[in-house]
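Structure first, commentary second.
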Amino acid sequence: MFLLLCLYMQQTYFWMKNRIVLFIAGCCALLLSSCLDSEETQYELSRDCQILSFSLSNDSIPGLEDVVFTIDQVSGRIFNIDSMPYGTKLDEKVVCTVQLASTVYTCQVMQEAISDTLSYWNKEDSLDFSKPVKFVNTLWDGQTTKTYWAQVNIHQVVPDSMVWGLYKEGIVDGAIQEEKVLVFGEGNDESYYMYTQPANAGEGYRLYRSAVADGRNWTELAVAGLPTGEIRLSQMTVYAGAFYAVTEKGGLYRSADGQNWSLVENAPVIKALLGAIPVDNDFVGSGKQPSALSVVIDKEGTLVYGAMNEAKEWNEGTLLNDGFPLSGFGNLTYNSMFRTRLLVVAGRDKDKNLTNTAWVTDDGKVWVKLTDEEAAAPFDKQEGVAVVEYDDKLFMLSGIDETGKASSTIYLSRDGGINWSVSDTLVVMPQEFKARGFSSIHVDKDHYMYLFGGKETSRSNVLNQIWRGRINRLGFK
């Protein structure tokens, strides 16, 4: 009995031992199979043929060794996102330093510029990059390959040069005596509203609209409620979701849609509509800067600054400063030192004299002269200038001078309108551009500056044109 028990236990031991051996063997086989599958998968992946790093250098080409190249492993493109300066010449061969994946067996190079192929590039021979260069990496199996195209991007235009072109001509029919373009709406509904006064004094005002994203296709809309021939179109303003316009007699008109207008009741006599400090919904609480529609009020012959708030309440400010423009000025709302400011530039004062000063306010009721009376004149005396914020500066496109003729000079201010200087030769209007004043101006989200209309002389009709310009580097991706 004891012998049978021993035999049974021995058989059980060998049976369990075989099971353990078989289990371990199976795990090893599975693991080996997984590893083999993984290796096969890796061999199929292009990353085994990758170029891991890439740089160029040549002592005769300034800045080349500092250029950072991007390697797009998916598309097989090697390029520098930040283009080299305009005028850079790659007229010499350059040293190309690459790091290849360890499994790359050969690297073939094809130089398009000289129609030359290096079947086994040794990573030491200099290459010609005046045109794209092709790299073909091959694995040790002689079958698996990956191709790259490498190129050096160089700016083809002067980055700081401003390029202008005629964007649209013949927007409206017939001769135009006066024109004003305003931007109204938000997001996809943002539109240009172009108001015109036909040269025929008997005709009423006409309105055309185009999406800001378009600017080429315009639709005429009906206008009602504006007294014919009495509106100062150049001073028309958008404030708190509505249009405002002033008449020669001092009446203030309002429209919620740009088409239907009505007289604002209980408004003072308005001598000039200066512009708006808009409602800023980003500020909340007691620190919110009040918005304002800024005007000059005529109090029985005494001129004072005044402002209307969102509730249509009026508040008077200080007396009008000597030399302050009441007509023909350019205006601009911009942000400076955590405050929204309204700027007016040039124009004619209460005595009809041309000015060459700049004034600013942050509440519409108190104005401060920015330009220094004792310093040299910041710019020529003129009216009908167009002012806009652009490229972190204020741009002023000249208007019409004391002789009644327009200029195409561009002035720049880097300190919010205190000091002005003539722009350099890279930011100028083209020769084919007709100098003009009283243009409307707008800058879109793509950094294009648009000039609408304008007059060559103080007595000429409006040019039926839209011009568009942009500093090249502001369009670089």
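The values are calculated or read from the model by the stated rules, or taken from the named source; none is laboratory data. As the structure is a computational prediction, the values presented were derived from the model and not from experiment. Positions of Cβ are backbone-derived with ideal geometry, glycine not excepted, and every protein chain shown enters the neighbour counts.
I'm told ASP72 meets every condition in (1) in contact (Cβ under 8 Å) with a residue 12 or more places away in the chain; (2) surrounded by fewer than 17 Cβ atoms within 10 Å (Cβ to Cβ) except one. Can you identify the failing condition by its number? It is condition (1) that ASP72 fails. Here the condition is being farther than 19 Å from ARG470 by Cα and touching a Gly at 6+ places or on another chain (Cβ under 9 Å); of GLY399, GLY404, GLY417, it holds for GLY399 alone.
To keep it simple, each residue is scored yes or no on (1) closer than 28 Å to SER210 by Cα; (2) assigned to a loop (DSSP other than H, G, I, E, B).
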{"residue": "GLY417", "(1), (2)": "no, yes"}
{"residue": "ALA435", "(1), (2)": "yes, yes"}
{"residue": "HIS442", "(1), (2)": "yes, no"}
{"residue": "HIS447", "(1), (2)": "yes, yes"}
{"residue": "TRP467", "(1), (2)": "yes, no"}
{"residue": "ARG473", "(1), (2)": "yes, no"}
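So that you can scan it fast, the table gives a plain yes or no per residue for (1) loosely packed, with under 15 Cβ neighbours inside 10 Å; (2) of a type in the set (Asp, Glu); (3) modelled with pLDDT under 90:
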| position | (1), (2), (3) |
| --- | --- |
| TYR86 | no, no, yes |
| VAL94 | no, no, no |
| VAL136 | no, no, no |
| ASP141 | yes, yes, yes |
| LYS146 | no, no, no |
| TRP149 | no, no, no |
| GLU179 | no, yes, no |
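Of the listed requirements (1) surrounded by 16 or more Cβ atoms within 10 Å (Cβ to Cβ); (2) modelled with pLDDT of 95 or more, VAL269 misses just one: (1).
Listed residues THR361, THR425; which is without any contact (Cβ under 8 Å) to a residue 12 or more places away in the chain and either among the hydroxyl-bearing types (Ser, Thr, Tyr) or crowded, with 21+ Cβ neighbours inside 10 Å (or both)? Steps first, please.
Working: THR361 fails: without any contact (Cβ under 8 Å) to a residue 12 or more places away in the chain.
Testing whether each residue is without any contact (Cβ under 8 Å) to a residue 12 or more places away in the chain and either among the hydroxyl-bearing types (Ser, Thr, Tyr) or crowded, with 21+ Cβ neighbours inside 10 Å (or both) leaves just THR425.
Residue pairs whose Cβ atoms lie under 8 Å apart, sitting 6 or more positions apart in sequence or on different chains, and linking a residue in segment 440-464 that is within 27 Å of ASP391 (Cα to Cα) to a partner that is polar (S, T, N, Q) and crowded, with 22+ Cβ neighbours inside 10 Å, are LEU451/SER439; LEU451/SER440; PHE452/SER439; PHE452/SER440; GLY453/SER439; GLY453/SER440; GLY454/SER439.
Would you be able to say whether some residue in segment 312-320 is farther than 30 Å from ARG459 by Cβ, modelled with pLDDT of 95 or more, surrounded by fewer than 21 Cβ atoms within 10 Å (Cβ to Cβ) and touching a Phe, Trp or Tyr at 6+ places or on another chain (Cβ under 7 Å)? Yes, some residue in segment 312-320 is farther than 30 Å from ARG459 by Cβ, modelled with pLDDT of 95 or more, surrounded by fewer than 21 Cβ atoms within 10 Å (Cβ to Cβ) and touching a Phe, Trp or Tyr at 6+ places or on another chain (Cβ under 7 Å). Any idea which residue in segment 153-188 is farthest from the chain's Cα centre (by Cα), counting only those that are over 15 Å from ASP444 (Cβ atoms) and free of Cβ contacts under 8 Å to residues at least 40 places away in the same chain? Applying the filter and picking the extreme gives GLY174. Scanning segment 380-415 for residues that are within 19 Å of the chain's Cα centre (by Cα), part of a loop (DSSP other than H, G, I, E, B) and free of Cβ contacts under 8 Å to residues at least 40 places away in the same chain yields a total of 2.
Return yes or no: is THR117 exposed (fewer than 14 other Cβ atoms within 10 Å of the Cβ), within 16 Å of ASP66 (Cα to Cα), in contact with a strand residue (DSSP E or B) (Cβ under 9 Å, 6 or more places away or on another chain) and hydroxyl-bearing (Ser, Thr, Tyr)? Walk me through it before giving the result.
Working: exposed (fewer than 14 other Cβ atoms within 10 Å of the Cβ): yes; within 16 Å of ASP66 (Cα to Cα): no; in contact with a strand residue (DSSP E or B) (Cβ under 9 Å, 6 or more places away or on another chain): yes; hydroxyl-bearing (Ser, Thr, Tyr): yes.
No.
Of ASP444, ASP401, ASP391, all but one fail to be in contact with a helix residue (DSSP H, G or I) (Cβ under 9 Å, 6 or more places away or on another chain), in the same structural domain as GLY174 (by TED's automatic domain parsing) and within 27 Å of GLU169 (Cβ to Cβ); the exception is ASP391.
For SER55, the conditions (1) surrounded by fewer than 17 Cβ atoms within 10 Å (Cβ to Cβ); (2) modelled with pLDDT under 95; (3) not in a loop (DSSP other than H, G, I, E, B) are fulfilled apart from (2). Note on segment 142-169: among residues that are in contact with a helix residue (DSSP H, G or I) (Cβ under 7 Å, 6 or more places away or on another chain) and assigned to a loop (DSSP other than H, G, I, E, B), the one that is nearest to ILE51 (Cα to Cα) is THR144.
Count of segment 364-380 residues, restricted to those that are modelled with pLDDT under 95, surrounded by fewer than 17 Cβ atoms within 10 Å (Cβ to Cβ) and over 30 Å from ARG473 (Cα atoms), is 6. The requirement of being in the same structural domain as TYR239 (by TED's automatic domain parsing), over 31 Å from the mean Cα position of the chain (by Cα) and more than 26 Å from ARG436 (Cβ to Cβ) is fulfilled somewhere in segment 321-332, by at least one residue. Only one of (1) over 37 Å from the mean Cα position of the chain (by Cα); (2) of a type in the set (Phe, Trp, Tyr); (3) assigned to a loop (DSSP other than H, G, I, E, B) is not met by PHE135, so which one is it? Answer for PHE135: the failing condition is (3).
Output the residue which, of all residues in segment 326-358 that are in contact (Cβ under 8 Å) with a residue 40 or more places away in the chain and assigned to a loop (DSSP other than H, G, I, E, B), is surrounded by the fewest Cβ atoms within 10 Å (Cβ to Cβ). I'd like the intermediate steps shown before the answer.
Filtering segment 326-358 down to residues in contact (Cβ under 8 Å) with a residue 40 or more places away in the chain leaves 326-334, 336, 339-346, 350, 354, 358.
Retained after the next criterion (residues that are assigned to a loop (DSSP other than H, G, I, E, B)): 326, 328-329, 350.
Working: LEU326: 20, GLY328: 23, PHE329: 28, LYS350: 16.
Only one residue fits best here, namely LYS350.
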